[in-house]
Amino acid sequence: MLKMLSNAWLIPIPPAVAFVLIVLVTKRFKLLSALLAIFAITLSFIYSIGILLEVLSQGITMNNPVEYSVNWLSLGGETIRPLLIEAGVLIDPLTSVMLVVVTLVALLVEIYSLGYMKGDPGFSVFFGYLSFFVMSMLGLVLANNYFMMFIFWELVGLCSYLLIGFYFHKHSAAKASKKAFITNRWGDFGFMLGIFSLFLIFGTFNFNDLAEAIGRQHGAFLIIPALLVLAGPIAKSAQFPLHVWLPDAMEGPTPVSALIHAATMVAAGVYLIARGYILFTGLEAVSFAIAYIGGFTALFAAIIAVVQFDIKRIIAFSTVSQLGYMVMALGVGSLSAGIFHLTTHAFFKALLFLAAGSVIHAAHTQNIFEMGGLSKSMKITTWSFIVGALSLSGIFPLAGFWSKDEILLVTLEKGFTGLYIIGSLVAFLTAFYVFRLVFVVFFGKKKTRAYESPLSMTVPLMVLAFLSITSGFAGAPFVEKGFSSFIYFQEPHHVQVNFLIMIGSTVLALGGIALAWAVYVKKLIDPVLVTDRARSLYVVVYNKFYIDEIYHWLFYRIMMNIGKAFNWNDRHVVDGIFDGIAGLTRAAGAKLRLVHTGNLQNYALVIFASVVIIVIWMAVPVLGGIQ
Amino acid sequence: MIAGIDFSLLTVEIFTAALGLGLLIINLIVPGNQRSATGYLTVLGLLGILLVTLSYEGVEKTFMDGMYIIDPFATFFKRLFLVAAILVTISSLPFVKKLGYNEGDFFSLLVFATLGMMVLVSAGELITLYLGLELMTISFYILVSFKKKDAKSCEAGIKYIILSAMSSALLLYGLSLVYGLTKTTIIEQIASTLAAGTMQPLMALGIIFLLAGFGFKISLVPFHMWAPDVYEGAPTPITAFLAVASKAAALAAFVRIFLIGFPAYQEYWITLVIVLSVLTMVLGNLVAIPQTNIKRLLAYSSISQAGYLLLGIVAFSSMGIGAILFFSIIYVFTNVGAFMVVVALSTSTGSHKIEDYSGLYRRAPLLAVVMLFCLLSLAGLPPLAGFVGKLYLFIAVIEKGYIWLALLAVLMSMVSVYYYLLVVKVMFLKEPPQNSGIIKVPNGLQIAMVFSLILIIVLGIYPKPLSDLAMSVAHTFFPFSF
């Protein structure tokens, strides 16, 4: 059934239609709007599953993707460089997996939102935005060229902005949405320059054509374009130093955090690197930079996560840290490991966020130290959160174990011993901070009254918990035709099973959990005393290494002053010139208007006079007339 | 049947003539106060003829030794006229209903004007061309002054007749000079006669007269002065038809004569066309700014659009012709769309003042939105169709090295954004006047407006099918890119 693949552009259509209908028609009917959105995403999900099955059954591999496109715009020819922009879809295993991940998580999140957003005045609009986001995200995944991808890239950014600021009447939410938007502009601008420079060099935006062209001539001249393109993922996937927006983005409703700021949009950066992988792999310096940016971010964010109080912020820093893992995997040269972790992470991190949302829904606070003992009243939430936490920590045999292990394995195999050590350290810290959260929130003394959330919220939790346990088997080393022989770069790379690393990382993870248990359950060590003894260090970490403050200073002292200078220039110099021109234009219009007297004789005179003038002009050779 | 003459080539023209005559007869049967209903019949008939044109896909034949040409170029324009005529008929329904006299004749004349345009674009010979031109123009004389109790309408009619007669005289003089020097009226033969010799002074005179004659019909500066007055005075649907279809028809004939007939002298007349194009773009856009009447504003806007269209001729390439074809189609929908809003509003308020559009968004959201998109498309803002149309035209001249001309056109487009947005500002930001109710729009008009709106958006986002068609038509018509 080739038809199915060639019509893949239909996948983003249902959410797009849902968005339009919700905004224009059904806005007043809340439940109908929500059901419409859910119905639309279900259609997309079913189609995506179909695509995945097609890809599997037709044996489409990373090296022979299928592509369907129409020319959206074609210009130029002889004297002008031809410009061809396509609108098309590119389908390979990477696309098909991303489609399923996006639509599945989106479906679960939308069902969850039925319960979570109940009674919110913006209920319909929320589902409208979610649909719009899903449409954009699917478009991004399907795009067969950088130009289209950029358009959808900006659209997901817009949705992120709208949804972070969903409670725009809250000052902090409005500020957070602006921060996310402005931070992302830096990356987007670089990304745009990057694709333009690629176009200038190779004359195409198409991924496959570019890959072919880059394959033919690859060299140091590509370092600048590659770094510019890389700016996009660094901002979107919240990598150091543009990570600052993601923790603040938690001001948005929790389902949004789960869908956009954990499972899908932030992973778009990783996806982008994977899509144009050939651009980066050939450049050792760039790959090296990617690997170390990822590794550093993973460690950096994990350290910050250890000392946070806010349940969503802890998970947000965890997301930054895990994205760092993925970027690191891509940097050291394993597309399979990076995307594998992206997939499992999408499930277990969405699970953690949604479970956290369930907790917030019940406890009405986000400070973990104001919660406690929730395990008794919220059984499903507790257990699914623990599953997510175990998966995140990388405990055998949950999903996170396989994917994280593969990253560590690849890192060591490719000779990045330093990064391997960092990665292992992060694994330890991860287990510690997430179980600190688990022990404080769900066990210990009961501090608030809380009830289990409704079924619409708990069912998605259970589904995600199931996926967080099982999805890792797709890429487990003992599986014959596993994830790494499905999604790879150039040729499948099978990592050798290394029990030493498996055992090592498991021990580290268990050690982290044990430490958390010792500190927060057994109280063998008093965390307050520890922080008191290392007060200055604690303050630095708690304040996220003052990166925000540094940016704040840079922004207000330097950017604002530059801005003010430009503003003055604009208001006085540029506006002055243009007001002058506009005034002249208007005056010219008013004067020329008077030529039209409304008098017929005048009109006739003008016509004949013009003819006479032209005749004289053409009769005089000096003026360019005939010889 | 006369041997060797294939009358089936003329099916479209014959049907159109039959429709016009048929409408006249039906008017005799239908009682007076119900004659406006023949408008629906007109729409149906024109739709039928539009379907008939489908059978001309790819046909490229001549009738009577090159006297009459059926080629993709002509068929393309015929479809355009038919579509424009259908939209105009729909938008004249409310006007004709209120008229109270001669309702049926109105539609009949509209059909005859369309027939004139068809003859004009298909003419392969100068006399036939002139016949088509006059059939079109004379129908318009009557249509323009159809509101015989309205002083402005009558004034417009008189001005149009007198000035048009003068321009026809110029045109005829030019045609006779060309005939005198080449001893033929068939355009193809003119080209082969001229190819050998050098430019003669009399020939130059002939070309200049032709340019002036066509310049009048296309309303190029400085032959444009009739346009604002006539556009303002004529019934609004007729203004739309005059601004859109008659201009496109004259332009098509102009393209055929100059590109097919006088390619030998291109360096002479292209200079002239550049000058006219510059004047038209600059003056049309500048004088549009101080206008306070929406019809006059649209008149000047349509003058300036004609200036952009000339760029396609300046390019003197198949790309340029393709750009003209593409732009013409978009021009039909955007202009007729805008005029339909004017019609809808004036039937309810009776005013054409821009200030009376204040708060239109609250009173009639559909009208305001349609107007907004039409104006933005006319201004050439992406992602609307007008942007793509202008882009092709500008690219065509840039390919020929006229970068300054393209820059000037872009600059003038920016000026046009200003006066278009002035209207938008009034519609959306100003408060509606007190005691003004919701404006009712007839169903047929609503459908036609939404149809235009959708096309403006769709052709802007995905112009490829239409631009491919336009380019391939242009390529068979004028397969040169030198």
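Each reported figure results from applying straightforward, stated rules to the coordinates on display, with no laboratory input. As the structure is a computational prediction, the values presented were derived from the model and not from experiment. Please note: Cβ atoms are built from the backbone with ideal geometry, for glycine as well, and neighbour counts cover all protein chains shown.
Largest first and in whole Å, the equivalent-ellipsoid semi-axes of region A:479-586 read 56, 33, 10, each the square root of five times a Cα gyration tensor eigenvalue.
Assigning unit charges at the beta carbon (Lys, Arg +1; Asp, Glu -1) and nothing else, what dipole magnitude in debye, to the nearest 20, does region B:262-482 show about its Cα centre?
In debye, rounded to 20, region B:262-482 gives about 500.
Our summary gives region B:1-260 a relative contact order of 20 percent, counting only alpha carbon pairs under 8 angstrom and 6 or more residues apart.
Simple spin-label estimate for residue A:600 and residue B:102 gives 1.7 nm between the two label positions (7 Å along the Cα-to-Cβ direction from each Cα).
Only lysines eight or more places from residue A:564 in sequence, or on another chain, were considered; those with a Cα closer than 22 Å are A:175, A:178, A:179. For residue A:546 and residue B:422, a Förster radius of 45 Å and the Cβ-Cβ distance give a FRET efficiency of 0.35, rounded to the nearest 0.05.
With θ taken as phi - 60° and the Karplus curve 6.51 cos²θ - 1.76 cosθ + 1.60 applied, the whole-hertz 3J(HN,Hα) list for region B:218-231 is 7, 6, 8, 5, x, 9, 9, 5, 5, 4, x, 5, 5, 4 Hz, x standing for glycine and proline. Once C-alpha pairs closer than 8 Å and six or more residues apart are averaged by separation and normalised to the residue number of chain A, the relative contact order reads 11 percent.
Residues A:251, A:54, arranged from fewest to most other Cβ atoms within 10 angstrom of their Cβ, appear as A:54, A:251. Put in order of Cβ neighbour count within 10 Å, fewest first, the listed residues B:11, A:417, A:103 become A:417, B:11, A:103. Shown here are the Rg and Dmax of the Cα trace of the protein assembly as shown, at 35.3, 114 Å. Neighbour counting of Cβ atoms within 10 Å sorts the residues A:520, B:300, fewest neighbours leading, into A:520, B:300.
Pop the C-beta distance of residue A:478 and residue A:500 into the FRET formula with R0 = 22 Å and round what comes out to the nearest 0.05.
0.85
Looking only at region B:329-371, which residues have a backbone nitrogen under 15 Å from a spot 7 Å from the Cα of residue A:20 in the C-beta direction? Zone members listed by number: none at all.
Normalised by the number of residues in region B:111-157, the average gap of Cα pairs under 8 Å and 6 or more apart makes the relative contact order 31 percent.
Which of the pairs B:247/B:425; A:404/A:481; A:591/B:159; A:3/B:464 have their Cα atoms more than 25 Å apart in this structure?
B:247/B:425, as the Cα separations exceed 25 Å there.
Counting only Cα atoms, the size of region A:1-91 along its three principal axes is 56, 39, 18 Å, in decreasing order. Using the Cβ-Cβ distance between residue A:221 and residue A:196 with R0 set to 22 Å, the FRET efficiency from 1/(1 + (r/R0)^6) comes to roughly 0.90. Each residue, residue A:571 and residue A:58, gets one label point 7 Å from its Cα in the Cβ direction; the gap between the two is 6.0 nm.
In summary, the aspartates and glutamates within cross-link reach of residue A:523, defined as a Cα separation below 18 angstrom excluding same-chain residues under 8 places away, comprise A:370, A:532.
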